[in-house]
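Enquirer: Encoded as structure tokens, here's the structure I'll be asking about.
The values are calculated or read from the model by the stated rules, or taken from the named source; none is laboratory data. Just so we're clear, the structure is a prediction, and the values are computed from it rather than from any experiment. Methodologically, a virtual Cβ is constructed for each residue, glycine included, from the backbone with ideal geometry; neighbour enumeration extends over all protein chains shown.
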């Protein structure tokens, strides 16, 4: 795991490729070496109704939330947070240069005792090589 969720204002779809951003963040999460690839899930949710700053609809946002099972030390989580945030910033740099965009990221631990898991992703991955 982690689960990476993006919430974004609808106007961001005209400013950047959200699907490509999801894939970019997936690759960034893998490159940290912190997360097992089969557990990485990235998804995006559009917010159709927003009111930002002074209410001008020219403002946009992308808020990234990363949830992961507890067990990694703080330094590891900080490094992964920074790597994924930097990946998002670099991907969005052209859009942020032209538009008012707020970008944020938060990483949270999931209490393993309260989060049962079951899946067959690993069983269905093709051998890479």
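Enquirer: Kindly indicate which of 30, 66 is under 15 Å from the mean Cα position of the chain (by Cα) and in a strand (DSSP E or B).
Expert: Only one candidate passes the filter, namely 66.
Enquirer: So how many residues does region 100-122 have that are touching a helix residue (DSSP H, G or I) at 6+ places or on another chain (Cβ under 6 Å) and part of a helix (DSSP H, G or I)?
Expert: Adding up the residues that qualify gives 2.
Enquirer: Is it the case, given these coordinates, that residue 84 is assigned to a strand (DSSP E or B), touching a residue at least 60 places away in the same chain (Cβ under 8 Å) and closer than 29 Å to residue 116 by Cβ?
Expert: no
Enquirer: Let me ask you something else. Looking at this structure, is residue 43 in contact with a strand residue (DSSP E or B) (Cβ under 9 Å, 6 or more places away or on another chain), touching a residue at least 60 places away in the same chain (Cβ under 8 Å) and closer than 13 Å to residue 2 by Cα?
Expert: It is false that residue 43 is in contact with a strand residue (DSSP E or B) (Cβ under 9 Å, 6 or more places away or on another chain), touching a residue at least 60 places away in the same chain (Cβ under 8 Å) and closer than 13 Å to residue 2 by Cα.
Enquirer: If you go through region 1-39, how many residues are under 19 Å from residue 79 (Cα atoms), surrounded by 20 or more Cβ atoms within 10 Å (Cβ to Cβ) and modelled with pLDDT of 95 or more?
Expert: Within region 1-39, residues that are under 19 Å from residue 79 (Cα atoms), surrounded by 20 or more Cβ atoms within 10 Å (Cβ to Cβ) and modelled with pLDDT of 95 or more number 4.
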